[in-house]
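So the structure is just underneath, and the comments pick up after that.
Values in this text are rule-based calculations from the coordinates and carry no lab data. Predicted model only: the values in this text are computed from it and were never measured. Cβ atoms come from the backbone with ideal geometry, glycine included; neighbour counts cover every protein chain shown.
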Amino acid sequence: MATFFGEVLSVYSRAVEEEEEDVDEENEEDEEIRRELEQKREVVLHWSPEVSEALRSGNKLQCSDFILAVGHNAASFLSAYVLSSANWDAVGHASVWNERSRAVTGQHSEESACVFHRRKDNPSVLICQVTCYLAEDQQFQWTEKVFECLQHRELNVMVLSDGSVADYKTADYLCSSSAPFLRSLHTGAFSDRPVCQPLEQPNIITGLPAAVLNHCQVHRVAAVVYQCYSDVIGPDSVTMETYKLALTRLGRSIQLDPSPSTDILRKFARTTDIQSNLYI
Amino acid sequence: MFISSQNSEPSFKGFTLVMPAVAVGNVGQLAVDLIVSTLNMSRVGHIHTDCLIPMAGNNPYATCKEDAEELHTPAEVYTAAELKLAVLQIRAPIVQTKSKKFRQLLLSWIKASGFSRTVVLSSSHAYQRDDQQLQGTPLRYLVTPSLLKVSAHALKELGWREMERVSAFPGLTDANTEPRLYIPGGGITKGLYTDSCTEDLPLAVLLLFCSEGDNIPDAFTLVNHLNDWLQLLDNHSPEPNKWKIPPSWNLLFGSGIPPALF
């Protein structure tokens with residue numbers, strides 16, 4: 001596109017990518033590369049032997065509460081306030097590869113990116129922490145694969161999700177003292193009252209929390225997403241504490257430690273990978 | 001696939017389906033928003049597919065506090081039974097590698113539902129127009145042979161301009177390529193149209209040449225154009241602007257301005 005000054009600029013559309021010609025003319029080699037790439041990007045769930053046994057021949061896990069944490073603050077919150085009580089077993093993880101995955105240095109980093117925990121004394125309560133990036137074409141797949149393993153009757157789903165206050169649109173300018181704060185979105189089947197205000201239009205959520213909500217909405221599962229808008233990049237104890245409100249409803253199913261020790265908090269609120277001192 | 005949000009499967013037999021293509025300026029989608037909002041259409045189901053990028057939000061057409069907390073998904077179907085009108089709204093981009101799959105999904109759903117005709121609202125990059133397209137109206141239409149049989153007279157009366165075929169290599173005279181249909185920035189529009197011709201489906205495309213920016217006026221242009229044909233609104237209403245803007249159109253260009261800036 002030419003501008004008034006005579007420069008030629010490339011034009012981008014926020015709606016569509018450059019039109020790709022029909023891929024029918026792909027040759028065999030291209031097709032094979034495409035297939036291999038698709039296979040590599042597949043989400044694979046790895047369960048503990050006990051759970052795999054329970055899931056044999058199409059059976060599903062009995063599950064009354066499934067709590068999903070997406071993002072570092074949400075995941076660290078669960079680690080510090082819930083999972084530190086040692087009442088939980090790690091029962092599986094999901095391996096997800098996409099172009100943003102860093103080269104896996106050892107099994108450890110791959111396994112910790114998406115982990116499932118189950119309560120020892122009440123195995124129908126399941127927690128999952130997702131700290132890795134899930135690409136747009138993997139979010140639906142992850143959701144379908146995980147929910148395929150859970151029985152849907154009387155299942156309650158709660159998603160804790162990190163968000164940036166920069167993405168939150170409001171007519172009155174939000175001064176920084178109001179962040180972090182929670183907003184909720186729930187499916188039609190969710191009959192309880194959310195612990196915070198609903199997410200106002202024109203705000204939306206995207207990513208894995210949205211994929212989970214979509215699945216629960218069409219399959220009539222009670223689900224609620226608590227999106228936490230924070231002005232801090234990275235794990236932060238104030239942001240983590242904001243999620244406490246969300247878990248109060250779950251009471252006995254989740255034994256919440258209302259004030260974990262500073263040591264525990266410090267472990268999770270460390271600044272990860274200081275690559276640059278320019279921004280704190 | 002289509003999943004009903006009510007307790008029974010809705011019937012679309014004989015209905016007209018209006019749907020947007022995710023295209024430059026999101027004009028088709030904005031136009032569909034106006035239709036759903038103005039006609040107060042009710043949601044009857046979702047198109048649940050892995051072909052669209054996931055998103056979720058509360059009711060974009062909320063009129064009061066009570067219905068504001070209803071969850072909405074990337075692709076939903078609304079109906080206005082008294083007008084025999086169904087509308088599919090698509091709120092998210094199509095996953096890049098799944099464009100063909102999505103087209104096929106849509107066309108098989110359209111066939112199975114028994115719609116009497118489908119109208120696709122779309123747009124195309126204004127900067128890619130050739131010399132003849134630069135003049136006159138920016139609106140174009142396309143219609144499959146199957147629909148032309150039924151609507152030829154109506155379209156002729158409206159005096160609409162059909163989308164031109166353009167040469168593949170403008171300016172090159174010795175290239176022996178036929179002029180072909182080219183809808184840059186139209187997303188799956190061309191694919192939907194050509195597939196519908198092949199499968200003998202009654203489908204029309206209404207598109208507008210536009211650029212990215214504030215596309216609200218473009219949406220009004222397109223929806224008024226559609227209304228000239230389908231007569232969705234009561235024409236005797238005195239107000240010039242008869243379309244109702246939904247609350248989801250607030251803050252299209254970001255939050256309010258911090259007062260400390262000045």
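How charged is the neighbourhood of A:V51? Take every other residue with its Cβ under 14 Å from the Cβ of A:V51, and add Lys/Arg as +1 and Asp/Glu as -1.
Values: positive: A:R56, A:K60, A:R118, A:R119, A:K120, A:K145; negative: A:E50, A:E53, A:D89, A:E148.
Neighbourhood net charge equals +2.
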- Which semi-axis lengths, in whole Å and largest first, follow from the square roots of five times the eigenvalues of the Cα gyration tensor of the protein assembly as shown? 44, 26, 25
- Using alpha-carbon positions, what is the distance between the centroids of region B:1-66 and region A:196-243, in Å? 22 Å
- Give the Debye-formula value of log10 I(q)/I(0) at each listed q (0.17 Å⁻¹), with one equal scatterer per alpha carbon of region B:53-185, two decimals each. -1.25
- Express in % the proportion of alpha carbon pairs of region A:176-265 at distances exceeding 16 Å. 63 percent
- Query: For region A:131-207, what relative contact order do you get, as a whole percent, if you take Cα pairs closer than 8 Å and at least 6 residues apart?
  - Reply: 30 percent
- Query: What percent does the relative contact order of region B:12-247 come to when contacts are Cα pairs within less than 8 Å and at least six residues apart?
  - Reply: 30 percent
- Message: Only bridges whose two residues both fall in the protein assembly as shown count here: according to DSSP, what percent of them are antiparallel, nearest 5?
- Response: 55 percent
- Put a dot 7 Å past each Cα toward the Cβ at B:S11 and A:S178; how far apart are the dots in nm? 5.0 nm
- Query: Considering only the other residues whose Cβ falls under 12 Å of the Cβ of B:G57, what net charge follows from Lys and Arg at +1 and Asp and Glu at -1?
  - Reply: -1
- Note on the structure: Of every Cα-Cα pair in region B:144-220, the percentage lying beyond 17 Å is 61 percent
- Query: Taking a quarter of the surface of the Cα convex hull of region B:12-247, what do you get in nm²?
  - Reply: 14.2 nm²
- Item | Sequence-separation-based contact order of chain A, relative, with Cα cut under 8 Å and 6+ spacing, percent | 21 percent
- Note on the structure: Per-residue average of other protein chain Cβ atoms inside 10 Å, peptide A:48-59 -> 0
- Note on the structure: Placing each pseudo-label 7 Å from Cα in the direction of the beta carbon, B:H153 and B:Q132 end up separated by a distance in nanometres of 2.9 nm
- Message: Just to verify a number: FRET efficiency for B:L251 and B:D228, C-beta to C-beta distance, R0 = 41 Å, to 0.05?
- Response: 0.85
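Taking a quarter of the surface of the convex hull around the Cα atoms of chain A, what do you get in nm²? Could the numbers behind the result be given before it?
Details: hull surface 83.5 nm².
Directional mean of the projected Cα hull area for chain A stands at 20.9 nm².
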- Query: Hey, rough spin-label estimate for B:A81 and A:L37, points 7 angstrom out along Cα→Cβ, what's it come to in nanometres?
  - Reply: 4.7 nm
- Query: What does the average come to when, for each residue of peptide A:188-200, you count the partner chain Cβ atoms lying within 10 Å of its Cβ?
  - Reply: 2
- Message: Please report the spacing between the Cα centers of region A:127-146 and region B:168-229 in Å, no decimals.
- Response: 36 Å
